[in-house]
Amino acid sequence: MIGKNSVYDCPVIPLNKIHSRAGNITITEVHNNIPFDIQRVYYLYDIPGGESRGGHAHKELYQIIVAVGGGFDILLDDGRNKKVVRLSRPDFGLMIVPGIWRELMDFTSGAVCMVMASSKYDEKDYIREYHDFQQLKK
Ligand code: TYD
């Protein structure tokens, strides 16, 4: 699985949006618009200008990344192809499947990056060296 997955397996998924005069609400529900069981949610915020995050891949983890505030770029890399996705709307999420190297960069001031993940935190699921990633993708 980790070897085969490509950047083309990482769609931007439209989430819902209920609009009213008082603002918007977006709801994410397991197996309704999220195709895996969510075991963990975390968010990145207070990211200094010019900083980048990520710089790793996962062996088994599925994630959906949402720019709940502001915006940022996500560089996806499957060892062959690269793709940059800009997220800047709270009603869209990028799904990242296992075996994809990612870097998050060019955060706007005040951006908040929410991540819904299919498992709890497990450092053993990370591939943190790009060289190791390349070897696994061969
Ligand atoms: P990391 O995933 O490397 O951050 P990013 O990809 O956003 O740059 O995680 C940063 C630190 O936070 C690292 O020490 C591991 C820790 N961490 C947890 O303890 N639990 C978690 O669920 C996550 C995502 C990170």
>> If the requirement is being out of contact with any Gly (no Cβ under 6 Å at 6 or more places or on another chain), in a loop (DSSP other than H, G, I, E, B) and within 13 Å of the ligand (Cβ to nearest atom), which of these qualifies: Ser109, Ser119?
In response: Ser119
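Applying the selection to the range 53-66, what residues are surrounded by fewer than 21 Cβ atoms within 10 Å (Cβ to Cβ) and either within 14 Å of the ligand (Cβ to nearest atom) or among the hydrophobic types (A, V, I, L, M, F, W, C) (or both)?
Passing the criteria: Arg53, Gly54, Gly55, His56, Lys59, Tyr62.
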>> Among the residues of the range 18-29, what is the count of those that are exposed (fewer than 12 other Cβ atoms within 10 Å of the Cβ) and either within 23 Å of Lys120 (Cα to Cα) or under 17 Å from the mean Cα position of the chain (by Cα) (or both)?
In response: 2
> Name the residues in the range 82-106 that are open to solvent by 30 Å² or more (accessible area, probe 1.4 Å) and either part of a loop (DSSP other than H, G, I, E, B) or in contact with an Asp or Glu (Cβ under 6 Å, 6 or more places away or on another chain) (or both), would you?
Replying inline: Val84, Arg86, Ser88, Arg89, Pro90, Met105, Asp106
>> Can you say whether Gly49 is touching a strand residue (DSSP E or B) at 6+ places or on another chain (Cβ under 9 Å) and of a type in the set (Gly, Ala, Ser), as far as the supplied structure shows?
In response: no
>> Please verify whether Arg128 is in contact (Cβ under 8 Å) with a residue 60 or more places away in the chain, within 14 Å of the ligand (Cβ to nearest atom), open to solvent by 10 Å² or more (accessible area, probe 1.4 Å) and out of contact with any helix residue (DSSP H, G or I) (no Cβ under 6 Å at 6 or more places or on another chain), treating the condition exactly as stated.
In response: yes
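Yes or no, residue by residue, for (1) charged (D, E, K, R); (2) free of Cβ contacts under 8 Å to residues at least 12 places away in the same chain; (3) outside any helix (DSSP H, G or I):
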{"residue": "Asn16", "(1), (2), (3)": "no, no, yes"}
{"residue": "His19", "(1), (2), (3)": "no, yes, yes"}
{"residue": "Thr28", "(1), (2), (3)": "no, no, yes"}
{"residue": "Ile38", "(1), (2), (3)": "no, no, yes"}
{"residue": "Gly50", "(1), (2), (3)": "no, yes, yes"}
{"residue": "Val68", "(1), (2), (3)": "no, no, yes"}
{"residue": "Asp73", "(1), (2), (3)": "yes, no, yes"}
{"residue": "Arg80", "(1), (2), (3)": "yes, no, yes"}
> Of the residues Gly99, Gly50, Gly69, which single one is under 20 Å from Gly3 (Cβ atoms), modelled with pLDDT of 95 or more, more than 14 Å from the ligand (Cβ to nearest atom) and not acidic (Asp, Glu)?
Replying inline: Gly99
> Looking at this structure, is Val12 away from the ligand (no atom under 16 Å from the Cβ), at pLDDT below 95 and β-branched (Val, Ile, Thr)?
Replying inline: no
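The values are calculated or read from the model by the stated rules, or taken from the named source; none is laboratory data. Computed from a predicted model, the values in this text were never measured in an experiment. When we count neighbours, we look across all protein chains shown, and the Cβ atoms used for this are built from the backbone with ideal geometry, even at glycine. Side chains included, ligands, DNA and RNA excluded: accessible areas come from the protein's heavy atoms. Shrake-Rupley method; radii C 1.70, N 1.55, O 1.52, S 1.80 Å.
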